[in-house]
1. Only residues in the range 265-276 that are modelled with pLDDT of 65 or more count as the first member; pair them with residues that are open to solvent by 60 Å² or more (accessible area, probe 1.4 Å) and of a type in the set (Lys, Arg), Cβ under 7 angstrom, at least 6 apart or cross-chain, and list the lot.
2. Among the residues of the range 1-55 satisfying the criterion of being among the basic types (Lys, Arg) and farther than 21 Å from Asp89 by Cβ, which is most open to solvent (accessible area, probe 1.4 Å)?
3. May I ask you to list the residues in the range 208-233 that are farther than 15 Å from Val143 by Cβ and open to solvent by less than 70 Å² (accessible area, probe 1.4 Å)?
4. Step by step: first the residues of the range 198-207, then only those that are over 14 Å from Phe150 (Cα atoms) and of a type outside the set (A, V, I, L, M), then the one that is least open to solvent (accessible area, probe 1.4 Å). Which residue is that?
5. Among residues belonging to the range 163-178 that are in contact (Cβ under 8 Å) with a residue 12 or more places away in the chain and of a type in the set (D, E, K, R), point out the one that is nearest to Ile132 (Cα to Cα).
6. Condition first: within 19 Å of Thr267 (Cα to Cα), exposed (fewer than 15 other Cβ atoms within 10 Å of the Cβ), in contact with a Cys (Cβ under 9 Å, 6 or more places away or on another chain) and of a type outside the set (Lys, Arg). Can you find one or more residues in the range 159-167 that meet it?
7. List every residue pair whose Cβ atoms lie under 7 Å apart, where the two residues are 6 or more positions apart in sequence or sit on different chains, the first residue falls within the range 51-76 and is within 17 Å of Glu36 (Cβ to Cβ), and the second residue, located anywhere, is among the aromatic types (Phe, Trp, Tyr) and surrounded by 13 or more Cβ atoms within 10 Å (Cβ to Cβ).
8. For the range 125-202, please list each of the helices (runs of 4 or more DSSP H) lying entirely inside it that holds at least 2 residues being farther than 25 Å from Leu13 by Cβ and in contact with a Gly (Cβ under 7 Å, 6 or more places away or on another chain).
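The values are calculated or read from the model by the stated rules, or taken from the named source; none is laboratory data. Just so it is clear, the model here is predicted, and its values are computed rather than measured. Every residue, glycine among them, receives a Cβ derived from its backbone with ideal geometry; neighbour counts consider all protein chains shown. Each accessible area value is taken on the protein alone, full model and side chains, heavy atoms only, with ligands, DNA and RNA left out. Shrake-Rupley method; radii C 1.70, N 1.55, O 1.52, S 1.80 Å.
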Amino acid sequence: MLIDYISQYLEYLEIECGLAENTILAYRSDLYSLSEFLVKNDIDEINNIYRLQLNLYIKNLYDKKYTPRSITREIASIKGFFNWLSINDYIKHNPALAIEQPKLPKKLPKVLSMKEINELLDKDMNIIEKAILELLYASGLRVSELTDVFIHNIDLNARYIRCTGKGSKERIVPLGKKACISISKYLKERDYILKKYNIKSKYCFIKENGKKLTRQDVYVFINNLGKNINKDISPHTIRHSFATHLLENGADLRVVQELLGHSNVSTTQLYTHISKKRLKEIYFSINK
């Protein structure tokens with residue numbers, strides 16, 4: 001049955017490829033959706049799946065108004081799955097080889113100016129919120145990297161944080177003085193919470209009840225904070241701003257790549273386009 005092969009593939013991605021939990025969940029969602037579509041069309045044998053059926057599935061995604069980015073992700077999941085089936089000789093032909101990806105519109109990510117970042121940092125926040133914002137802007141961490149940071153992976157004396165990014169790749173990111181001060185204050189509050197509830201936690205960031213801070217908690221906090229300056233922002237906006245401000249102030253592209261944990265420098269190069277765009281906006285605002 002198709003679902004059995006999907007389960008084997010997901011196990012392969014987790015154990016042998018070491019992909020992150022969120023990535024595995026995305027693959028599972030995409031492939032289960034494909035399986036349901038095929039079963040409804042009386043196809044449950046992998047060697048009875050042809051390009052026509054896959055194209056019909058993708059057409060179905062368009063009909064459901066999926067965005068080009070979501071469809072691109074689904075196609076990537078399908079290609080990866082059928083490539084694995086082919087390599088392991090589970091199928092006689094690979095129906096996903098010739099599937100075309102939709103063209104994605106080139107969209108530059110939103111960034112905040114240094115003035116706007118400083119406005120955010122000046123807003124009233126509790127101790128953990130201040131530590132989170134300072135850390136996000138000082139390190140450019142992804143929100144999942146921040147919530148998954150272990151307490152023993154932060155060294156405030158040496159001023160660095162060790163985090164695990166996509167593909168379970170570890171990297172060390174230096175921390176600024178202000179971030180270290182805010183985190184130090186938060187850690188005292190953290191110790192108080194753990195003693196209060198007589199519990200232990202390996203995670204650095206915990207909630208007032210002692211439970212691990214979630215990605216959604218951080219999203220809500222950052223989004224609400226952005227409303228104070230009339231901006232619709234997320235934790236990734238802070239990450240984008242971190243990278244853009246580094247490049248605008250002369251940082252080397254390869255250094256920024258390492259700090260962000262990008263496997264390919266072409267991903268980091270996107271921020272150079274943002275910098276050029278911002279320079280043009282500043283120039284023309286002055287020379288109207």
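1. Short answer, once both residue conditions are applied: Val265/Arg254.
2. Kept after step one, since they are among the basic types (Lys, Arg), are these residues of the range 1-55: 28, 40, 51.
Remaining after also requiring farther than 21 Å from Asp89 by Cβ: 28, 40.
Numbers: Arg28: 82, Lys40: 165 Å².
Only one residue tops the list, namely Lys40.
3. Gly210, Ile229
4. Just the residues of the range 198-207 that are over 14 Å from Phe150 (Cα atoms), to begin with: 198-199, 207.
After this cut, where a residue has to be of a type outside the set (A, V, I, L, M) as well, the list is 198, 207.
On the way: Asn198: 137, Lys207: 63 Å².
Only one residue fits best here, namely Lys207.
5. Quick first cut of the range 163-178, residues in contact (Cβ under 8 Å) with a residue 12 or more places away in the chain only: 163-169, 171-178.
Narrowing the set further to residues that are of a type in the set (D, E, K, R) leaves 166, 169, 171, 177-178.
On the way: Lys166: 20, Lys169: 22, Arg171: 19, Lys177: 14, Lys178: 12 Å.
Once the filter is applied, the top-ranked residue is Lys178.
6. Taking the range 159-167 and keeping what is within 19 Å of Thr267 (Cα to Cα), we get 164-167.
Narrowing further to those that are exposed (fewer than 15 other Cβ atoms within 10 Å of the Cβ): 167.
Cutting the leftovers down to in contact with a Cys (Cβ under 9 Å, 6 or more places away or on another chain) gives us 167.
Keeping just the survivors that are of a type outside the set (Lys, Arg) gives 167.
Within the range 159-167 (the criterion being within 19 Å of Thr267 (Cα to Cα), exposed (fewer than 15 other Cβ atoms within 10 Å of the Cβ), in contact with a Cys (Cβ under 9 Å, 6 or more places away or on another chain) and of a type outside the set (Lys, Arg)), the answer is yes, since at least one residue qualifies.
7. Partner pairs satisfying both residue conditions: Tyr57/Phe37; Asn60/Phe37.
8. Details: elements: 127-139, 143-147, 177-197.
Answer list for the range 125-202: 177-197.
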